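The values are calculated or read from the model by the stated rules, or taken from the named source; none is laboratory data. Small disclaimer: the values here were computed from a predicted structure and weren't measured. Ideal geometry is used to build each Cβ from the backbone, glycine not excepted, and the neighbour counts take in all protein chains shown.
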Amino acid sequence: MRQIILYIAASLDGYIARPDGSIDWLENEKFAIENEDYGYSEFLQTIDTTLMGHSTYKVVTGFDTPFPYADKTNYVFSHSKQPDTEHVQFVHSNVAGFVKQLKQQSGKDIWLIGGGQLNTHLLNAGLIDEIILTYIPVILGSGIPLFATGAQEKFLKVTESKTFANGFVQVRLDF
């Protein structure tokens, strides 16, 4: 069965974005390490599908680059009806049921990009199999949390941890 992997970065105080959805703090030059992508390229080779909420989709399409996951099957979850695009299929209802069926299909693993509301919905439905979380040494003070209010308590097992010269700490967690 395909695995749902939440591969994401968060500030030390648990935010994945600023209140306006901005992730500019992830691009701070003081954190740059030449030729280091924190396992991102290797991770991308293991997935063929992405899942993201509508707000995250708007952030991704706001980058000054072509759609970054054009070679993947991409699903965006939205409360309102949206027409599908060249690279994205919109899902409007029964998130858990849709994802359960998706996991049963053949293919590579599935990247849960976020955001916090979708992360929480899939966490509470027991559909996330692994989390790869990179902590960035910054405190934002407010923003969009990794999991929204209402996330159910879960105990996870750390299967791997890595530290980087810039202070990043990456942990792999299984349920």
Subject >> Pairs where the first residue, in region 28-46, is loosely packed, with under 10 Cβ neighbours inside 10 Å and the second is assigned to a loop (DSSP other than H, G, I, E, B) and at pLDDT 95 or above, C-beta under 8 Å, 6+ apart >> reply: 30/166; 32/166
Subject >> Filtered residues of region 1-16 (kept if in a loop (DSSP other than H, G, I, E, B) and either over 10 Å from residue 138 (Cβ atoms) or basic (Lys, Arg) (or both)) >> reply: 1, 2, 3, 14
Original post:
What tally of residues in region 36-51 results from selecting those that are touching a strand residue (DSSP E or B) at 6+ places or on another chain (Cβ under 8 Å) and part of a loop (DSSP other than H, G, I, E, B)?
Top reply: 3
